[in-house]
1. Given the structure, is S69 in contact with an Asp or Glu (Cβ under 8 Å, 6 or more places away or on another chain), within 16 Å of K186 (Cβ to Cβ), part of a helix (DSSP H, G or I) and not hydrophobic (A, V, I, L, M, F, W, C)?
2. So which helices (runs of 4 or more DSSP H) are wholly in region 187-282 and hold at least 2 residues that are at pLDDT 80 or above?
3. Read through the list (1) in contact with a helix residue (DSSP H, G or I) (Cβ under 6 Å, 6 or more places away or on another chain); (2) free of Cβ contacts under 8 Å to residues at least 60 places away in the same chain; (3) buried (at least 21 other Cβ atoms within 10 Å of the Cβ); (4) not aliphatic (A, V, I, L, M), then give the number of the only condition that D164 fails.
4. Give the residues of region 17-41 that are among the hydrophobic types (A, V, I, L, M, F, W, C) and surrounded by 14 or more Cβ atoms within 10 Å (Cβ to Cβ), sorted by residue number.
5. Scan region 120-155 for residues that are free of Cβ contacts under 8 Å to residues at least 40 places away in the same chain, over 15 Å from Q247 (Cα atoms) and not acidic (D, E) and jot them down.
6. Just to be sure, is M121 surrounded by 15 or more Cβ atoms within 10 Å (Cβ to Cβ), at pLDDT 95 or above, farther than 22 Å from H108 by Cα and not polar (S, T, N, Q)?
Amino acid sequence: MHARDLHLDYGIVEDLLKAFLLNEIQKFGFRSVVIGLSGGIDSAVAVELAARTFGPEQVLALLMPYRSSSSESVEHAGLMVSRLGIRSETVDISAPVDAFVRSVPQDHRMRRGNIMSRTRMVYLYDVSARDGSLVVGTSNKTELLLGYGTLFGDMASAVNPLGDLYKTQLRGLARHLGIPEPIIAKVPSADLWEGQSDEADLGFSYEEVDVLLYMMLEKRMDRSSILAEGVDEAFYDRVRTMVVRNQYKRTMPVIAKISGRTPGIDFRYARDWQENIVYRLP
């Protein structure tokens, strides 16, 4: 298998995701959204889809740089704001993050990165409450499966249009949408510390792990069949461990069952009260 085997009809994907956003945002009376715009490909695709769905006036991009954030990230976020004509606000998170990390050793980069990510989500949800809008998520399928994200940080949102797209598929959708090539082509990074790179943190490329995840999930191939395709045994075992170990990040907190109608176990209708809901495009 190769990454090209993950190709989708991105015109259809665009229509499905716009219908999804319209339905999930409007069925509870909301008309606008807020998105954390980092300058990376994931948030660029999310904000592009939102602008095409609701119109630029109903989309607010929140730029939340830290003092060590890449100038390129800020530049690329601004590029998307100008391209779409959406509203934007910039919040420098340096002061609140520094107040939290003062007691965290410099070499504990993951702890510091988690604090930064959760600080950004605090601002996003405060703006959501201020404006009566909903937070649109930007985590892709590869990140969700591997647990490569911060729980209640960058993984938090009200709705997520990207969570069923592997990173390589997200790149295909980005090109279909006309996202500027510098955003698509640059090295993926959460920009949590200077020089940080997603693929360096993970120890493998998105392209190679997406092919493996596709075989594991979509094709439901067992271990021996996957190894027969030439996948390295240690690589397979590591990725499988990551997927299993991070299941808790992909679900709501597990509730101990006491009654006959337990939220999230028996009672699952929180998002679907209304009858005859139909996905509609504007």
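The values are calculated or read from the model by the stated rules, or taken from the named source; none is laboratory data. Just so we're clear, the structure is a prediction, and the values are computed from it rather than from any experiment. Backbone-built Cβ (ideal geometry, glycine too); neighbour counts: all protein chains shown.
1. no
2. 206-213, 223-228, 233-245
3. Against the list (1) in contact with a helix residue (DSSP H, G or I) (Cβ under 6 Å, 6 or more places away or on another chain); (2) free of Cβ contacts under 8 Å to residues at least 60 places away in the same chain; (3) buried (at least 21 other Cβ atoms within 10 Å of the Cβ); (4) not aliphatic (A, V, I, L, M), D164 comes up short only on (3).
4. L17, A19, F20, L21, L22, I25, F30, V33, V34, I35, L37, I41
5. Matches in region 120-155: V122, Y125, A129, R130, G153.
6. no
So that you can scan it fast, the table gives a plain yes or no per residue for (1) buried (at least 21 other Cβ atoms within 10 Å of the Cβ); (2) modelled with pLDDT of 95 or more:
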{"position": "R67", "(1), (2)": "no, no"}
{"position": "M80", "(1), (2)": "yes, yes"}
{"position": "S88", "(1), (2)": "no, yes"}
{"position": "V91", "(1), (2)": "no, yes"}
{"position": "R111", "(1), (2)": "no, no"}
{"position": "G147", "(1), (2)": "no, no"}
{"position": "P180", "(1), (2)": "no, yes"}
